[in-house]
Amino acid sequence: MENLQSALKDRNLSVPIVPGKGRSLFATRDFYSGDVIIGQEPYVCVPNNSSVSTPKRCDGCFTTSNALRRCSRCHVAYYCGTACQRSEWELHRLECEVLSRLDKEKRNSVTPSIRLMVRLYLRRKLQNDKVIPSTATDNYNLVEALVAHMSDITEEQLVLYAQMANLVYSILQWPEINIKEITENFSKFACNAHTICDSELRPVGTGLYPVISIINHSCLPNSVLVFEGRSASVRAVQHIPKGTEVSNSSNTAATVGVSRIPPFVSFNSVAWYDSTYPSPLL
(Lines give C-alpha, C1' and ligand atoms only; values in the text may rest on other atoms or scores of the structure.)
Protein backbone atom coordinates (compact mmCIF):
# COMPACT_ATOMS: atom_id res chain seq x y z
CA MET A 1 0.00 0.00 0.00
CA GLU A 2 2.93 2.33 0.76
CA ASN A 3 4.37 1.72 -2.71
CA LEU A 4 0.98 2.52 -4.24
CA GLN A 5 0.68 5.71 -2.19
CA SER A 6 4.14 6.78 -3.36
CA ALA A 7 3.33 6.05 -7.01
CA LEU A 8 0.03 7.93 -6.82
CA LYS A 9 1.65 10.87 -5.05
CA ASP A 10 3.65 11.46 -8.24
CA ARG A 11 0.31 11.61 -10.08
CA ASN A 12 -1.18 14.11 -7.61
CA LEU A 13 -3.45 11.52 -6.03
CA SER A 14 -3.79 9.87 -2.63
CA VAL A 15 -5.67 6.87 -1.23
CA PRO A 16 -6.87 7.55 2.32
CA ILE A 17 -9.24 5.31 4.27
CA VAL A 18 -12.62 7.03 4.55
CA PRO A 19 -15.03 5.84 7.29
CA GLY A 20 -17.96 4.04 5.74
CA LYS A 21 -16.29 3.89 2.33
CA GLY A 22 -12.90 2.29 2.85
CA ARG A 23 -10.12 3.14 0.41
CA SER A 24 -10.94 6.18 -1.71
CA LEU A 25 -9.10 8.18 -4.37
CA PHE A 26 -8.52 11.87 -3.65
CA ALA A 27 -7.02 14.66 -5.77
CA THR A 28 -3.98 16.43 -4.28
CA ARG A 29 -4.13 19.17 -6.93
CA ASP A 30 -6.87 20.78 -8.97
CA PHE A 31 -8.08 18.81 -11.98
CA TYR A 32 -10.16 20.44 -14.71
CA SER A 33 -12.71 19.10 -17.17
CA GLY A 34 -10.98 16.90 -19.72
CA ASP A 35 -7.87 16.28 -17.61
CA VAL A 36 -6.67 12.67 -17.37
CA ILE A 37 -6.68 11.87 -13.67
CA ILE A 38 -5.21 8.39 -13.98
CA GLY A 39 -4.68 5.74 -16.64
CA GLN A 40 -4.08 2.02 -16.27
CA GLU A 41 -3.56 -1.13 -18.31
CA PRO A 42 -5.66 -4.08 -17.13
CA TYR A 43 -4.12 -6.57 -14.72
CA VAL A 44 -6.04 -9.15 -16.75
CA CYS A 45 -8.63 -8.85 -19.49
CA VAL A 46 -10.49 -10.94 -22.05
CA PRO A 47 -12.45 -10.05 -25.18
CA ASN A 48 -16.09 -11.05 -25.46
CA ASN A 49 -15.66 -13.99 -27.82
CA SER A 50 -18.19 -16.42 -26.39
CA SER A 51 -21.20 -15.38 -28.46
CA VAL A 52 -21.67 -16.91 -31.90
CA SER A 53 -23.72 -13.87 -32.97
CA THR A 54 -20.94 -11.31 -32.47
CA PRO A 55 -17.65 -11.05 -34.37
CA LYS A 56 -14.52 -12.42 -32.72
CA ARG A 57 -11.99 -9.93 -31.36
CA CYS A 58 -8.22 -9.96 -31.10
CA ASP A 59 -6.89 -10.91 -27.67
CA GLY A 60 -4.20 -8.27 -27.99
CA CYS A 61 -6.00 -5.12 -29.16
CA PHE A 62 -9.68 -6.14 -28.98
CA THR A 63 -10.30 -5.12 -32.59
CA THR A 64 -12.39 -7.21 -34.93
CA SER A 65 -11.24 -8.08 -38.43
CA ASN A 66 -11.78 -10.61 -41.19
CA ALA A 67 -8.05 -11.33 -40.90
CA LEU A 68 -8.27 -12.68 -37.33
CA ARG A 69 -6.60 -16.06 -36.90
CA ARG A 70 -7.15 -18.56 -34.11
CA CYS A 71 -4.52 -20.25 -31.96
CA SER A 72 -4.18 -23.73 -33.49
CA ARG A 73 -3.49 -25.46 -30.19
CA CYS A 74 -6.16 -24.23 -27.76
CA HIS A 75 -8.65 -22.86 -30.34
CA VAL A 76 -9.62 -20.15 -27.84
CA ALA A 77 -7.39 -17.12 -28.47
CA TYR A 78 -7.59 -14.97 -31.62
CA TYR A 79 -5.00 -12.53 -32.98
CA CYS A 80 -4.97 -9.93 -35.73
CA GLY A 81 -1.22 -10.27 -36.37
CA THR A 82 2.22 -11.07 -35.02
CA ALA A 83 2.49 -7.91 -32.91
CA CYS A 84 -0.55 -8.76 -30.79
CA GLN A 85 0.40 -12.43 -30.61
CA ARG A 86 3.88 -11.46 -29.41
CA SER A 87 2.55 -9.02 -26.80
CA GLU A 88 0.29 -11.70 -25.32
CA TRP A 89 2.62 -14.68 -25.60
CA GLU A 90 4.07 -14.87 -22.08
CA LEU A 91 0.59 -15.14 -20.59
CA HIS A 92 -1.04 -17.13 -23.37
CA ARG A 93 1.80 -19.68 -23.36
CA LEU A 94 0.61 -20.85 -19.93
CA GLU A 95 -3.07 -20.35 -20.75
CA CYS A 96 -2.75 -22.33 -23.96
CA GLU A 97 -1.14 -25.20 -22.07
CA VAL A 98 -3.95 -25.55 -19.51
CA LEU A 99 -6.78 -25.01 -22.00
CA SER A 100 -5.34 -27.56 -24.41
CA ARG A 101 -5.69 -30.26 -21.76
CA LEU A 102 -9.47 -29.88 -21.81
CA ASP A 103 -11.77 -31.97 -23.95
CA LYS A 104 -13.93 -30.12 -26.46
CA GLU A 105 -17.04 -30.08 -24.25
CA LYS A 106 -15.21 -28.65 -21.26
CA ARG A 107 -13.35 -26.13 -23.41
CA ASN A 108 -16.68 -24.86 -24.72
CA SER A 109 -17.71 -24.12 -21.12
CA VAL A 110 -14.83 -21.66 -20.69
CA THR A 111 -16.77 -18.37 -20.65
CA PRO A 112 -15.02 -14.98 -20.59
CA SER A 113 -15.48 -14.87 -16.78
CA ILE A 114 -13.85 -18.30 -16.36
CA ARG A 115 -11.05 -17.35 -18.70
CA LEU A 116 -10.51 -14.05 -16.87
CA MET A 117 -10.05 -15.94 -13.59
CA VAL A 118 -7.67 -18.47 -15.13
CA ARG A 119 -5.59 -15.63 -16.55
CA LEU A 120 -5.59 -13.90 -13.15
CA TYR A 121 -3.80 -16.83 -11.52
CA LEU A 122 -1.50 -17.38 -14.48
CA ARG A 123 -0.41 -13.74 -14.42
CA ARG A 124 0.18 -13.93 -10.68
CA LYS A 125 2.43 -16.94 -11.29
CA LEU A 126 4.37 -15.09 -14.01
CA GLN A 127 4.98 -12.17 -11.66
CA ASN A 128 5.90 -14.41 -8.73
CA ASP A 129 8.39 -16.24 -10.98
CA LYS A 130 9.81 -12.88 -12.18
CA VAL A 131 8.93 -13.74 -15.80
CA ILE A 132 7.07 -10.45 -16.10
CA PRO A 133 7.71 -7.44 -13.84
CA SER A 134 5.60 -6.20 -10.96
CA THR A 135 5.20 -2.49 -10.25
CA ALA A 136 3.51 -0.41 -7.57
CA THR A 137 0.42 -0.11 -9.76
CA ASP A 138 0.57 -3.55 -11.40
CA ASN A 139 0.77 -6.44 -8.93
CA TYR A 140 -1.42 -9.11 -7.41
CA ASN A 141 -1.38 -7.47 -3.97
CA LEU A 142 -3.67 -4.80 -5.42
CA VAL A 143 -6.12 -7.51 -6.43
CA GLU A 144 -5.97 -9.03 -2.95
CA ALA A 145 -6.82 -5.61 -1.47
CA LEU A 146 -10.04 -5.28 -3.48
CA VAL A 147 -13.30 -5.73 -1.61
CA ALA A 148 -15.31 -8.90 -2.27
CA HIS A 149 -18.50 -8.02 -0.34
CA MET A 150 -19.03 -11.72 0.37
CA SER A 151 -21.55 -10.89 3.10
CA ASP A 152 -23.73 -9.07 0.58
CA ILE A 153 -24.12 -11.80 -2.03
CA THR A 154 -27.11 -14.14 -2.15
CA GLU A 155 -26.90 -17.87 -1.57
CA GLU A 156 -27.71 -18.37 -5.25
CA GLN A 157 -24.77 -16.16 -6.27
CA LEU A 158 -22.48 -17.96 -3.83
CA VAL A 159 -23.41 -21.34 -5.32
CA LEU A 160 -22.78 -19.98 -8.83
CA TYR A 161 -19.37 -18.57 -7.87
CA ALA A 162 -18.45 -21.86 -6.17
CA GLN A 163 -19.40 -23.84 -9.29
CA MET A 164 -17.32 -21.50 -11.44
CA ALA A 165 -14.45 -21.80 -8.94
CA ASN A 166 -14.59 -25.59 -9.22
CA LEU A 167 -14.19 -25.31 -12.98
CA VAL A 168 -11.23 -22.93 -12.65
CA TYR A 169 -9.61 -25.27 -10.11
CA SER A 170 -10.05 -28.24 -12.45
CA ILE A 171 -8.53 -26.27 -15.33
CA LEU A 172 -5.46 -25.09 -13.42
CA GLN A 173 -4.96 -28.21 -11.26
CA TRP A 174 -2.79 -26.28 -8.79
CA PRO A 175 -2.90 -27.62 -5.20
CA GLU A 176 -1.65 -24.30 -3.80
CA ILE A 177 -4.90 -22.50 -4.59
CA ASN A 178 -8.26 -23.35 -3.05
CA ILE A 179 -11.85 -23.08 -4.17
CA LYS A 180 -12.75 -20.63 -1.39
CA GLU A 181 -10.11 -18.15 -2.61
CA ILE A 182 -11.28 -18.48 -6.22
CA THR A 183 -14.90 -18.01 -5.12
CA GLU A 184 -13.99 -14.79 -3.31
CA ASN A 185 -12.16 -13.56 -6.39
CA PHE A 186 -15.28 -14.12 -8.50
CA SER A 187 -17.13 -11.91 -6.04
CA LYS A 188 -14.34 -9.34 -6.45
CA PHE A 189 -14.81 -9.48 -10.22
CA ALA A 190 -18.52 -8.75 -9.78
CA CYS A 191 -17.72 -5.66 -7.69
CA ASN A 192 -14.57 -4.41 -9.39
CA ALA A 193 -14.17 -5.62 -12.99
CA HIS A 194 -15.16 -3.24 -15.78
CA THR A 195 -16.83 -3.73 -19.13
CA ILE A 196 -14.42 -2.51 -21.80
CA CYS A 197 -16.24 -0.50 -24.47
CA ASP A 198 -15.27 0.73 -27.91
CA SER A 199 -15.59 4.32 -29.14
CA GLU A 200 -19.31 3.77 -29.76
CA LEU A 201 -19.80 2.44 -26.19
CA ARG A 202 -20.35 -1.11 -27.39
CA PRO A 203 -19.05 -3.73 -24.92
CA VAL A 204 -16.04 -5.57 -26.35
CA GLY A 205 -14.50 -7.24 -23.31
CA THR A 206 -13.93 -7.32 -19.58
CA GLY A 207 -10.91 -6.08 -17.64
CA LEU A 208 -9.69 -5.77 -14.07
CA TYR A 209 -8.09 -2.40 -13.26
CA PRO A 210 -7.18 -2.62 -9.54
CA VAL A 211 -6.16 1.02 -9.05
CA ILE A 212 -9.10 2.46 -10.97
CA SER A 213 -11.36 0.14 -8.96
CA ILE A 214 -10.46 2.13 -5.83
CA ILE A 215 -12.62 4.98 -7.15
CA ASN A 216 -15.99 5.02 -5.41
CA HIS A 217 -19.27 5.31 -7.29
CA SER A 218 -21.53 8.34 -7.15
CA CYS A 219 -24.87 9.36 -8.62
CA LEU A 220 -23.20 12.72 -9.35
CA PRO A 221 -19.75 11.62 -10.55
CA ASN A 222 -16.98 14.12 -11.24
CA SER A 223 -15.09 11.79 -13.60
CA VAL A 224 -15.73 9.32 -16.39
CA LEU A 225 -13.98 6.11 -17.39
CA VAL A 226 -12.99 5.90 -21.07
CA PHE A 227 -11.21 3.21 -23.05
CA GLU A 228 -8.75 3.18 -25.92
CA GLY A 229 -8.42 -0.45 -26.88
CA ARG A 230 -7.78 -2.19 -23.56
CA SER A 231 -6.25 0.86 -21.90
CA ALA A 232 -8.48 2.66 -19.41
CA SER A 233 -8.25 6.27 -18.32
CA VAL A 234 -10.27 8.34 -15.88
CA ARG A 235 -11.01 11.89 -17.05
CA ALA A 236 -12.45 14.76 -15.09
CA VAL A 237 -15.87 15.95 -16.29
CA GLN A 238 -15.81 19.06 -14.10
CA HIS A 239 -13.45 21.03 -11.91
CA ILE A 240 -12.17 18.77 -9.12
CA PRO A 241 -10.56 20.96 -6.44
CA LYS A 242 -7.54 19.81 -4.48
CA GLY A 243 -8.64 17.63 -1.56
CA THR A 244 -11.80 16.39 -3.32
CA GLU A 245 -12.66 12.72 -3.71
CA VAL A 246 -12.67 11.41 -7.29
CA SER A 247 -15.91 9.56 -8.08
CA ASN A 248 -17.44 7.91 -11.11
CA SER A 249 -20.59 6.21 -12.31
CA SER A 250 -21.17 2.50 -11.78
CA ASN A 251 -22.43 2.03 -15.34
CA THR A 252 -19.22 0.35 -16.47
CA ALA A 253 -19.29 -2.40 -13.83
CA ALA A 254 -18.86 -5.76 -15.54
CA THR A 255 -21.32 -8.62 -15.34
CA VAL A 256 -19.89 -11.90 -14.07
CA GLY A 257 -22.15 -14.49 -15.01
CA VAL A 258 10.22 -15.39 -26.04
CA SER A 259 12.67 -13.34 -27.93
CA ARG A 260 12.14 -14.65 -31.48
CA ILE A 261 8.66 -15.18 -32.83
CA PRO A 262 8.27 -17.34 -35.93
CA PRO A 263 5.95 -16.28 -38.75
CA PHE A 264 2.40 -17.56 -38.92
CA VAL A 265 2.37 -21.09 -40.29
CA SER A 266 -0.43 -23.58 -40.80
CA PHE A 267 1.39 -26.81 -41.80
CA ASN A 268 -1.78 -27.89 -43.62
CA SER A 269 -3.75 -27.38 -40.40
CA VAL A 270 -1.52 -29.75 -38.41
CA ALA A 271 -0.72 -27.94 -35.17
CA TRP A 272 3.02 -27.73 -34.52
CA TYR A 273 3.83 -26.78 -30.95
CA ASP A 274 6.91 -25.75 -29.00
CA SER A 275 6.41 -23.86 -25.74
CA THR A 276 9.28 -21.53 -26.64
CA TYR A 277 7.24 -20.02 -29.46
CA PRO A 278 3.61 -19.05 -30.00
CA SER A 279 1.41 -21.72 -31.47
CA PRO A 280 0.65 -21.25 -35.17
CA LEU A 281 -2.65 -19.65 -36.01
CA LEU A 282 -5.45 -21.13 -38.04
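The values are calculated or read from the model by the stated rules, or taken from the named source; none is laboratory data. These numbers come from a predicted model, not from an experiment. Glycine gets a Cβ as well: all are built from the backbone with ideal geometry, and neighbour counts include every protein chain shown.
Among residues belonging to the stretch 218-235 that are small (Gly, Ala, Ser) and over 15 Å from the mean Cα position of the chain (by Cα), point out the one that is nearest to VAL46 (Cα to Cα). Taking the candidates together, the pick is SER223. The residue list VAL98, VAL118, VAL110, VAL147 contains one member that is out of contact with any His (no Cβ under 6 Å at 6 or more places or on another chain) and either farther than 21 Å from GLY60 by Cα or small (Gly, Ala, Ser) (or both), which is VAL147. Residues in the stretch 99-131 that are of a type in the set (S, T, N, Q) and either in contact with a Pro (Cβ under 9 Å, 6 or more places away or on another chain) or over 16 Å from GLU144 (Cβ atoms) (or both): SER100, ASN108, SER109, THR111, SER113, GLN127. Screening ALA148 against (1) at pLDDT 95 or above; (2) touching an Asp or Glu at 6+ places or on another chain (Cβ under 6 Å) leaves a single unmet condition, (1). Beta carbons closer than 8 Å, at least 6 apart along the sequence or on distinct chains, pair a first residue in the stretch 82-108 that is of a type in the set (Asp, Glu) with a second that is part of a helix (DSSP H, G or I) for GLU90/LEU126; GLU95/ARG115; GLU95/VAL118; GLU95/ARG119; GLU95/LEU122.
In the set (1) closer than 27 Å to ALA236 by Cβ; (2) under 14 Å from the mean Cα position of the chain (by Cα); (3) crowded, with 21+ Cβ neighbours inside 10 Å, the condition left unmet by PRO47 is number (1). The set of residues from the stretch 93-140 being within 29 Å of ALA162 (Cβ to Cβ) and in contact with a strand residue (DSSP E or B) (Cβ under 7 Å, 6 or more places away or on another chain) comprises CYS96, PRO112, ARG115, LEU116, ARG119, LEU120, ARG123. Of everything in the stretch 195-217, what is surrounded by fewer than 22 Cβ atoms within 10 Å (Cβ to Cβ), of a type outside the set (Val, Ile, Thr) and within 12 Å of the chain's Cα centre (by Cα)? Give them in sequence order. Across the stretch 195-217, there are no qualifying residues. You will find that of SER151, SER113, the residue that is touching a Gly at 6+ places or on another chain (Cβ under 7 Å) and assigned to a helix (DSSP H, G or I) is SER113 and no other. Being aliphatic (A, V, I, L, M), touching a helix residue (DSSP H, G or I) at 6+ places or on another chain (Cβ under 9 Å) and closer than 30 Å to ARG235 by Cβ is the requirement here; does LEU25 meet it? So LEU25 passes the test. Scanning the stretch 133-141 finds one or more residues that are outside any loop (DSSP other than H, G, I, E, B), surrounded by fewer than 20 Cβ atoms within 10 Å (Cβ to Cβ) and more than 15 Å from the chain's Cα centre (by Cα). Only one of the numbered conditions (1) touching a strand residue (DSSP E or B) at 6+ places or on another chain (Cβ under 6 Å); (2) under 15 Å from GLY205 (Cβ atoms); (3) among the acidic types (Asp, Glu) is violated by GLU88, and that is (1).
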